[in-house]
Structures are given as C-alpha cells and as structure tokens.
1. Return a whole-number percent for the relative contact order of the chain, with Cα pairs under 8 Å and 6 or more residues apart as the contact set.
2. If you wrap the chain's Cα atoms in a convex hull and average its projection over all directions, what's the area in nm²?
3. Using R₀ = 30 Å, calculate the FRET efficiency as 1/(1 + (r/R₀)^6) where r is the Cβ-Cβ separation of residue 184 and residue 118; round to 0.05.
4. Hey, rough spin-label estimate for residue 141 and residue 107, points 7 angstrom out along Cα→Cβ, what's it come to in nanometres?
5. Pick from 30, 152, 130: which is most flexible by mean-square fluctuation in a GNM of the chain where alpha carbon atoms under 10 Å apart are linked?
6. Top mean-square fluctuation among 76, 129, 154, Gaussian network model of the chain, C-alpha springs under 10 Å?
7. Taking 30 Å as R0, compute the FRET efficiency from the Cβ-Cβ separation of residue 74 and residue 97 and round it to 0.05.
8. Taking the chain as the reference, fit the longest principal axis to its C-alpha atoms, fit the long axis of helix 175-186 to the helix C-alpha atoms, and give the angle between the two in degrees, 0 to 90, nearest 10.
Ligand SMILES: [Mg+2]
C-alpha cells in the first residue's frame, strides 16, 4: 500500500490563521491575516520565539478551534483502502496531544500521528524509516529537505513558499486538487 506522510499545521488546518486571530485578541492588535507573507508570525507581534512557544502552549485549546481545510476529510476517507496516511509533524512533543485531540474531534482518518521533531534528522528520517513515498507539506524548508532526500512532495501553495521549487515538488492549490492527483496515483 502506498504510504503518504502528512504535515499537520497549515496542511490539515489553518493554524496560522488561528494564531493571528488569538494573538490579535490578546494583544489588542489588528493584523490582517491575508497580509501575512512571512513565515514567523511571532515577528509581527514583536515576540521572541520563546515567548511564542509559551503563548502556543498556554493557548492550545483555543488555537484548535478551527475547521479542517475544505475537502480534507472527504479526500482521506476516499482513499482509505488504497493509501496509508500518517501525520508526521514538526511540532514539539508538548503540542502533540492538542493535535491528536483535533484529529479525533474532526474525524480525520489517518493511520497514526508521529512527532517527526523527535527524530534526529526530522521529517526526512521519519518519512524514510516509515517507507513514505510522497509527503504533503506547506513549509518550504521541510519540502526541500524531503525532496533532496528523494521523497516526492505535494506543496500546498502559500504566500510564504512561493520561492520553493524542486523537480520532486509539485505545487497544489488545495485538498480538492490533491484528491485529483491521488486518483491518478492509485489508478
Ligand atoms: Mg506545516
């Protein structure tokens, strides 16, 4: 069976949108999410990375009040007999439980959820050890590392990954287009 690795944040749910919304509320700011093109959102609010990590840890419940991306559940369930999906997230281990809770609450059908940040060489090692042949990702650096390591990537089109190009990387719009590509992949 084909095994596909899935990123979690901004691949399954719009985590960045949620972060901007909660930070705006707490810090009484009015940053427009659509204008955010840099990857590190915390910089917009003058937060250090440590402050951001603390913010995320404390606010995990509220940050996960977000719907899955359109067509995600339908796409995963459509291939349930043909493709094995495993979440391989770069999140720190402290944020795994909130991800798993969201997956359960939203009926996301996956084999399991792995914390790829626990592997010495991150997502690439996690993907290779688990026999993943294709990875779905939004983060440009992770996509390039995976592609350089010989794994094909479907890169979800985002304002912050426009420069990301590689022979093994295919840019996709959304989960509807991913479904169309997977149809061709399994036939
Ligand atoms: Mg991501």
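1. 26 percent.
2. Convex hull of Cα atoms, orientation-averaged projection: 10.3 nm².
3. Here the calculated transfer efficiency is 0.35.
4. Taking the simple label geometry, residue 141 and residue 107 are separated by 3.8 nm.
5. 30
6. Top of the fluctuation ranking is 129.
7. Rounded to the nearest 0.05, the efficiency is 0.70.
8. That helix lies at roughly 20 degrees to the long axis.
Computed from the coordinates by the stated procedures, all read-outs in this text should not be read as laboratory data. On a predicted model such as this, the values are computed, not experimentally measured, just so you know. Quick reminder, even Gly has a Cβ in these numbers, built from the backbone with ideal geometry, and neighbours come from all protein chains shown.
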